[in-house]
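One structure is given below, encoded as C-alpha cells.
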C-alpha cells in the first residue's frame with residue numbers, strides 16, 4: 001500500500017513512500033467526530049472502536065478535535081478510552097480528559113455575541129451561545145472545570161430540539177441580552193446560528209461584512225454556523241495539544257470533513273478526509289479515505305498500521 005506524502009511528512013523528496021515506513025513515525029491520531037469518525041446519525045461503530053483501540057495498544061495517542069461541547073463529546077471519548085488533552089468547541093476550549101480540567105480557553109467578545117442576538121431577533125433566526133458559568137476559569141491563571149459552561153438560547157423551536165437530539169444538550173431558555181449584561185462576564189465560548197443551509201448561506205456574508213475578519217466564522221455542519229474568537233480554530237487547538245505532548249508535525253495524522261477541520265492542515269503532518277467531506281476539504285487532503293458511512297477511518301487504520 002502506497003500513498004503520496006507531502007514534504008512536511010518526510011525529509012525525503014516528494015514521491016511514493018511506503019505506508020509501513022511512515023506508520024512507524026506516527027505517534028498520534030487527531031479525529032474530528034461528526035462526519036468523520038462518527039457514522040451517519042452520530043454513531044460510533046464497533047468496527048471504529050476496535051480499530052482505534054488497536055492503535056492505542058500500539059502506543060498511539062488519540063486526540064479528539066471537535067466542534068462539540070465537552071459533554072456532547074464525552075460518550076465517544078469514554079467509548080474509545082482516550083485520555084489527555086482534547087480539543088472541543090472547535091478549539092475555543094482544550095480540556096484534559098477525563099476530569100474536564102480546562103487547559104486553554106479563548107472567549108468570544110460580549111459585543112460580538114450581542115450583535116448576533118440582535119441580528120437573530122431582526123431576522124427571526126434561532127441563536128444560542130455557550131456561557132461561562134460561575135466555576136469557569138481561563139485555564140491559564142488557574143485550573144477551571146469545563147462543566148461550568150452553560151448553553152443558553154432565548155426561544156424554543158425545532159432548532160433547539162434538533163440540537164438536543166444531536167448532542168444531548170438542551171439550551172436553557174433565557175433573555176440573552178440580559179445574560180450578556182451579567183457583571184464580570186468576559187465573553188462566551190461561542191455563538192451559533194441554527195438554520196437550513198440556504199439560510200446560513202444567505203446570512204453569512206452579512207455577518208462577515210459586519211465583523212470584517214475580527215471573528216472566526218465557520219459552518220461546522222450543514223445547519224450550524226458558528227462564531228468564535230478570531231484566534232480560535234481546531235488547528236490552533238491541535239497545535240496547543242501537540243506542544244503540550246511534545247509531538248512533532250510529522251508524528252500526527254489529522255482526520256476531518258468540514259471547513260473547520262482544514263485548519264488542522266499544516267499543523268498535523270498528514271491530513272486525511274473521508275469521501276463524504278466537502279469538496280474543498282477533499283482537495284486539500286493528502287489522502288481521501290472511505291466515507292463515514294463505510295467505516296472509512298477504521299478501514300484506513302487497519303490497512304495503514
Taking the chain as the reference, fit the longest principal axis to its C-alpha atoms, fit the long axis of helix 158-167 to the helix C-alpha atoms, and give the angle between the two in degrees, 0 to 90, nearest 10.
40 degrees
May I ask you to derive the relative contact order of segment 259-302, considering only C-alpha pairs under 8 Å and at least 6 residues apart, and to give it as an integer percent?
32 percent
Ellipticity estimate at 222 nm from DSSP helix runs (n ≥ 4, -39,500 (n - 2.57)) divided over the chain, nearest 500
-9500 deg cm²/dmol
Cα-based equivalent ellipsoid, the chain: semi-axes from gyration tensor eigenvalues, Å:
33, 20, 18
Relative to the chain, whose Cα atoms define the longest principal axis, helix 70-80 and its Cα axis are tilted in degrees, nearest 10, by 20 degrees
Starting from the Cα-Cα distance between residue 222 and residue 123, subtract it from 0.36 nm times their residue separation and give me the gain in nm to one decimal.
33.7 nm
Compute the FRET efficiency between residue 283 and residue 174 as 1/(1 + (r/R0)^6), taking r as their Cβ-Cβ distance and R0 = 51 Å, and round to the nearest 0.05.
0.75
Compactness of segment 209-305 as Cα Rg over 2.2 N^0.38 Å, two decimals
1.16
Determine the principal axes of the Cα atoms in segment 110-229, then give the extent along each, sorted from largest to smallest and rounded to whole angstroms.
42, 33, 25
Using only Cα atoms, tell me the angle between helix 234-244 and the longest principal axis of the chain; keep it within 0 to 90° and round to the nearest 10.
60 degrees
Report the antiparallel proportion of the DSSP beta bridges in the chain as a percent, rounded to a multiple of 5.
65 percent
Would you mind calculating the relative contact order of segment 110-229 from Cα pairs under 8 angstrom and at least 6 residues apart, reporting the percent as a whole number?
26 percent
Can you give the % of DSSP beta bridges in segment 215-305 that are antiparallel, to the nearest 5?
45 percent
So what is the relative contact order for the chain, in percent, with contacts set as C-alpha pairs under 8 Å and at least six apart?
22 percent
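All of the numbers you see were taken from the coordinates with simple rules; none came from a lab. On a predicted model such as this, the values are computed, not experimentally measured, just so you know. No Cβ is skipped: glycine too gets one built from the backbone with ideal geometry, and neighbour counts run over all protein chains shown.
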